[in-house]
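The values are calculated or read from the model by the stated rules, or taken from the named source; none is laboratory data. These numbers come from a predicted model, not from an experiment. Here the Cβ positions follow ideal geometry from the backbone for every residue, glycine too, while neighbour counts run over all protein chains shown.
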Amino acid sequence: MADAGQYKALWPRSPRQAKVKPLAKRLDTLEGKTIAWVWDYVFRGDEVFAQLEESFKARYPGVKFAHWSEFGNTHGSEEREVVAALPQKLKALGVDAVVSGMGC
């Protein structure tokens, strides 16, 4: 056989389904902004967010926070509903930035 030891291979990935989009404009500062803590209720996010909140308050005067309990668990039996409701809740709370925490 002339082609012994040679095999045809296929690319294991499918063509891209989503187009690349530009990133959202970044905030110049967090001073006076409202930051939302969004969490999947795994691995001590409550403790991490509390520490971050204290650090941010010291560094950025007037910064405010939307507590993770306002949004619900982003990983669980109600995940789809919680994530679907995020845009409306973020807007209603006047959120400027989101920190989404997930534990592994």
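One table, with the values for the structure above:
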| item | result |
| --- | --- |
| Any hit, segment 6-21, residues being within 31 Å of the chain's Cα centre (by Cα) and under 21 Å from K91 (Cβ atoms) | yes |
| Elements of type strands (runs of 3 or more DSSP E) contained in segment 22-104, each with 1 or more residues being touching a Lys or Arg at 6+ places or on another chain (Cβ under 7 Å) and surrounded by 11 or more Cβ atoms within 10 Å (Cβ to Cβ) | 34-39, 97-101 |
| K64 vs. criteria of a type in the set (D, E, K, R) and out of contact with any strand residue (DSSP E or B) (no Cβ under 7 Å at 6 or more places or on another chain) | no |
| Selection from segment 58-72 of residues that are aromatic (F, W, Y) and touching a Gly at 6+ places or on another chain (Cβ under 7 Å) | W68 |
| Residue match in segment 25-48 (condition: without any contact (Cβ under 8 Å) to a residue 12 or more places away in the chain and of a type in the set (F, W, Y)) | no |
| Leading residue by the ranking (nearest to W37 (Cα to Cα)) among those in segment 65-104 that are without any contact (Cβ under 8 Å) to a residue 40 or more places away in the chain and polar (S, T, N, Q) | S69 |
| Failed condition for Q6, given (1) assigned to a helix (DSSP H, G or I); (2) at pLDDT below 90 | (1) |
| Single condition G62 does not satisfy, out of (1) without any contact (Cβ under 8 Å) to a residue 24 or more places away in the chain; (2) out of contact with any helix residue (DSSP H, G or I) (no Cβ under 8 Å at 6 or more places or on another chain) | (1) |
